[in-house]
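Accompanying notes for the structure given below.
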Amino acid sequence: AAIELAKTCKSVNLRGNGNLDDVMMRSLALCLGEGLEAIDAAGCPTVNDGVVCSLVIRLFNLRYINLSGCLLCTNSSLKALADGCKDTLTSVDVSGCKQIGDTGIAWIAGAVGSGQACKKLASINLEQCVKIRDRALEDLGNGCRALKFVNFRGCVEISNRGIIALATGCHKLRIVNIHSCLKVGDSGLVAIGKNCPALQSLCGTRCGLIGDRGLKAIGGGCPMLQSITLAGCVKIT
């Protein structure tokens with residue numbers, strides 16, 4: 001039955017499973033790996049670096065992985081993904097994984113190791129990854145230029161420097177969430193307006209440093225904009 005399933009299965013949803021371990025994930029990878037493209041393991045309390053390493057051992061076509069809320073995952077999980085899936089990976093969700101920081105993103109962006117980035121990466125969700133700083137955004141801007149969706153909500157350490165570097169390298173950005181990134185202001189938005197004409201949605205809620213200059217840059221440089229959220233941006237007139 002497993003062999004028959006392996007012929008057609010493209011996606012596996014394991015969300016919330018509390019029994020996953022490296023042996024089970026290695027078996028899954030060996031059985032389904034050649035065809036598997038998407039794995040959702042969000043909220044699995046036992047998923048750690050060892051589980052992720054076992055998972056990617058044979059995933060030759062993995063495109064999407066959701067590790068949201070897997071609190072035991074660290075930078076080593078992103079290293080494993082970069083080592084095993086750099087040629088195919090398009091979407092990574094590690095939101096809420098508070099142990100993940102700049103080093104993990106450096107692996108994804110090819111700034112360390114072999115120097116080969118996940119060049120097809122189009123979406124990365126780093127919401128509430130509080131260890132993420134400007135260096136991570138600089139690496140993404142250099143190595144992952146196909147990015148279209150980025151979520152940095154609650155990444156309170158990133159500043160204009162990181163946003164400028166990201167926008168300068170990733171001209172295809174369509175959806176940007178910087179909710180509660182308190183150090184991001186007009187300079188970051190000016191860079192987005194200058195470099196990201198495909199932008200469709202911007203969430204800058206509670207970014208109190210954003211003012212008229214940044215908003216004008218978005219209005220002038222992003223003709224495809226459909227949605228903008230600026231609640232709490234008290235400097236805007």
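The values are calculated or read from the model by the stated rules, or taken from the named source; none is laboratory data. Everything quoted here is computed from the prediction, not taken from an experiment. Cβ: placed from backbone, ideal geometry, glycine included. Neighbour counts: every protein chain shown. Ligands, DNA and RNA are excluded from the accessible area calculation, which covers all protein heavy atoms including side chains. Shrake-Rupley method; radii C 1.70, N 1.55, O 1.52, S 1.80 Å.
Overview of results
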| quantity | calculated |
| --- | --- |
| For region 43-48, 3J(HN,Hα) per residue [Karplus equation, 6.51 cos²θ - 1.76 cosθ + 1.60, θ = phi - 60°, Hz, x = Gly/Pro] | x, 7, x, 9, 6, 9 |
| Once the Cα gyration tensor of region 65-194 is diagonalised, semi-axes √(5λ) in Å | 21, 17, 12 |
| Backbone HN-Hα couplings from phi across region 214-227 [Karplus 6.51/-1.76/1.60, Hz, Gly and Pro as x] | x, 5, 5, 5, 5, x, x, x, 10, x, 9, 4, 10, 8 |
| Near-label residues of region 65-100 by backbone N, under 17 Å of a point 7 Å along Cα→Cβ of Cys9 | 65-66 |
| Efficiency of FRET from Cβ geometry, Val156 and Val234, R₀ 25 Å, rounded to 0.05 | 0.90 |
| With every protein chain in place, the chain: carbon and sulfur % of accessible area (1.4 Å) | 52 percent |
| In sequence order, calculated HN-Hα J values of region 81-90 (Karplus, 6.51, -1.76, 1.60; Hz; x Gly/Pro) | 4, 5, 5, x, 10, 5, 7, 10, 5, 10 |
| 5 angstrom amide H check on Gly232, placed H, neighbours 5+ away | Arg206 |
| Within the chain, percent of DSSP bridges classed antiparallel, to nearest 5 | 0 percent |
| Potential lengthening between Ser114 and Lys172 on full extension [0.36 nm per residue; Cα-Cα distance subtracted] | 18.4 nm |
| Net length gained if the chain between Leu71 and Ala38 were fully extended (0.36 nm per residue, minus Cα distance) | 9.9 nm |
| Unit Cα scatterers, Debye sum, the chain: log10 I(q)/I(0) for q = 0.14, 0.17, 0.18 Å⁻¹ | -0.84, -1.13, -1.22 |
| The chain - accessible surface per residue (Å², probe 1.4 Å) | 43 Å² |
